[in-house]
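Just so you know, all these numbers are worked out from the coordinates, no wet-lab data involved. Here the structure is a predicted model, which means the values were calculated and not measured. Here the Cβ positions follow ideal geometry from the backbone for every residue, glycine too, while neighbour counts run over all protein chains shown.
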Amino acid sequence: MSASMVRATVRAVSRRKILPTRAALTLTPSAVNKIRTLLHDKPECIGMKVGVRTRGCNGLTYTLDYTTAKDKSDEEVIQDGVRVFIEKKAQLTLLGTEMDFLESKLSSEFVFNNPNIKGTCGCGESFNI
């Protein structure tokens with residue numbers, strides 16, 4: 001009987017730069033203000049939850065709901081006192097995304113500026129990665 005042996009070598013590395021981790025989601029000041037306003041009217045909620053669903057002509061759409069508790073698998077983003085939770089299914093699709101809130105004469109909406117998106121539908125509601 002021969003036992004397999006695995007060898008490992010340890011090396012000290014000097015002057016190695018540690019890169020900061022990429023934020024899963026960043027919020028613009030207008031998104032922070034709007035979320036704060038929305039949560040003010042719902043004192044039982046601790047934050048907003050962002051997710052993705054299979055829907056639309058191009059595959060995925062974002063969902064945004066109030067949440068009263070953090071699930072075990074949720075990623076938590078705290079920015080300027082506002083808490084946003086990202087569902088497990090949405091974590092990889094939202095990596096590096098900026099969440100903004102835009103208001104015009106005709107609409108007011110949250111906009112996700114996502115660098116990972118490969119394509120969107122004509123109306124901009126659904127996307128694919």
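Laid out as a table, the results:
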read-out	value
Distance violations [Cα-Cα > 18 Å] among Lys49/Lys105; Lys49/Lys88; Lys42/Lys72; Lys49/Lys70	Lys49/Lys105; Lys42/Lys72
Within the range 64-103, trypsin sites (Lys or Arg not before Pro) in DSSP loop having at most 14 other beta-carbon neighbours inside 10 Å	Lys70, Lys72
Amide proton proximity set for Leu25, modelled H, under 5 Å, gap of 5+	Gly96
